[in-house]
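Laboratory data are not the source of any read-out in this text; all were calculated from the coordinates shown. From a predicted model like this one, the values you see are computed outputs, not experimental measurements. Glycine gets a Cβ as well: all are built from the backbone with ideal geometry, and neighbour counts include every protein chain shown.
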Amino acid sequence: MKVFSEKEALNKHFSVYKNKGLKLGLVPTMGALHKGHLSLAKLALKDNDLVVVSIFVNPTQFDNKEDLKKYPRTLDADVKFLQSLSNEIVVYAPSVEDVYEGKTKAESFDFDGLENEMEGRFRHGHFDGVGTVVKRLFEIVEPQNAYFGEKDFQQLAIIRKLVSKYRLPVNIIGCPILREQDGLAMSSRNTRLKPTYRKESPFIYKTLQRAKEKFGTKSANQVTQWVKDQFAKHPLLKLEYFTVANSETLKPVVRKTKNNKYRAFIAVYADDVRLIDNIALN
Ligand code: PAF
C-alpha cells in the first residue's frame, strides 16, 4: 500500500492516472480509523478508479489545545486497517507544513449562517478550520468525488455549501452513520472513553430514538425539555446541547410544519470526551 507524506510525491504518483482521465475519490479523515471510515472507503472504491484516504489531524479546527493534543494518532494501525479492505487505496498522511506551508491559520468563511448553529456555537472557529483544510485537500488531491459521514451532519452541510459557494469541481457524497451494536455512533473519540463511560454512552442514541418517537406527538420545545430532563438525571453524562433543527437550514425549530424535514442534534460530555450524534426525525 502506498503511503505519501508529501503532496509533490502524491501528485507525481497520480499524474499518470489523472492524464488518462480516471476517476479519483477522496476520503478525508483525521485518522484513528474505525469501521465508519472503512464504509466511506468502500463506497469510494465502488465509485472511483482510484481512492485516496487522507489522514491529517488538522490543528486549525481545534479551539481547545488539550483536545488537539489528546486526539488519537495511530497511523501504522490505520494503514493496516485500510490494507484489510484494499491494497489499492493510497494514503496521504501529510505534516502540518505540507498542508499549510508555514501559514497554519484558518481562512474566514461565510457559510450563510450554517456555521453559527450547534457545533459553531460551542466550538469557536471550528468550521473555518474544517473549511480551510477541506478546500486545501481538494486543491492538493483534485478528486472528482469526496466522502463524508453523516455523524458530522453539520460539517457535511457546510462542506456542500463550501463547494457550491466556491464552485469547486467535486461531488460530495454523504454516508450514513455507522453504530456499535449497542447504538453508540462510531467515532475516533470512542477509544478515549473510560470503561464506565463507554458503558453508559449508548444512552445518547437511546435518548435520540425516544426523542424521535416523542416528536410525532409533541412540540420541538417539549421534546427538548424532555431530553434535558433525562440528562439532568444521568449520573455520568453531561448534555452540552440538544437541538431540533430544520435539516436544510440547521436553524432550531420553533413550530413544526408538514413539508419540512427535521433532525435532532446532540453533544454530550462523557468525562472529558465530547461525543456528538444526530437522528432524522421525519
Ligand atoms: O470529519 C473529520 O474527520 C474532519 O473534520 C475532516 C473532514 C477530515 C477535516 O479535518
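General remarks:
- Restricting the calculation to Cα atoms, every distinct pair contributes to the Kirkwood radius of segment 139-215, found to be 14.8 Å.
- Across segment 155-219, C-alpha contacts under 8 Å between residues 6 or more apart give a mean separation that, scaled by the residue count, equals a relative contact order of 20 percent.
- Mean-square fluctuations from a GNM of the chain, with a 10 angstrom spring cutoff on Cα atoms, peak among 102, 149, 129 at 102.
- Computed over segment 132-282, the alpha-carbon pair-distance distribution with 5 angstrom bins reads 2, 9, 17, 19, 17, 15, 11, 7, 3, 1, each value a whole percent.
- Exposure proxy for 78, 128: other Cβ atoms within 10 Å of each Cβ, ordered fewest to most, give 128, 78.
- Beta bridges by DSSP in the chain, antiparallel share as percent, to the nearest 5: 50
- Segment 151-207 and segment 64-107: distance between their alpha carbon centers, rounded to Å: 18
- Distance between the pseudo-spin-label points of residue 65 and residue 12 (7 Å out from Cα toward the beta carbon): 3.7 nm.
- Choice from 201, 247, 86 showing the highest fluctuation, given a GNM over the chain with Cα pairs closer than 10 Å: 86
- Proportion of all alpha-carbon pairs of segment 32-87 beyond 19 Å (%): 38
- Percent breakdown of C-alpha pair distances by 10 Å bin, ordered from the shortest bin, for the chain: 6, 27, 35, 22, 8, 1, 0
- By the Stokes-Einstein formula, at 1.567 mPa s and 4 °C, segment 93-197 with its Kirkwood radius over alpha-carbon pairs has D equal to 84 µm²/s.
- Set 212/258; 35/228; 2/80; 20/165 screened for pairs whose C-alpha atoms are more than 19 Å apart: 35/228; 20/165
- Linear extension gain, residue 259 paired with residue 171, 0.36 nm per residue minus alpha-carbon span: 29.0 nm
- Virtual spin-label span in nm between residue 234 and residue 182, 7 Å along Cα→Cβ: 1.2
- Net charge dipole size for segment 77-234 [Lys, Arg +1 and Asp, Glu -1 on Cβ; Debye, nearest 20]: 860
- Estimated dipole of the chain in Debye, rounded to 20 [Cβ of Lys and Arg +1, of Asp and Glu -1, Cα centre]: 940
- Sequence-separation-based contact order of the chain, relative, with Cα cut under 8 Å and 6+ spacing, percent: 17
- Estimated FRET transfer efficiency (residue 225, residue 107; beta-carbon r; R0 45 Å; 0.05): 0.70
- The label point for residue 122 and the one for residue 1, both projected 7 Å from the Cα toward the Cβ, are 3.2 nm apart.
- Pairwise centroid distance, computed over Cα atoms, of segment 3-51 with segment 211-250, Å: 38
- Residue-averaged 222 nm ellipticity for the chain, from DSSP H runs of 4+ at -39500 (n - 2.57), nearest 500: -11500 deg cm²/dmol
- Rg/Rh (Cα only; Kirkwood hydrodynamic radius) as it applies to segment 199-282: 0.97
- Global form of segment 101-146, assessed from the alpha-carbon gyration tensor, a/c cut-off 1.5: oblate
- Over segment 29-166, the fraction of Cα-Cα pairs per 10 Å bin, rounded to whole percents and listed from the shortest bin up, is 11, 41, 38, 10, 0.
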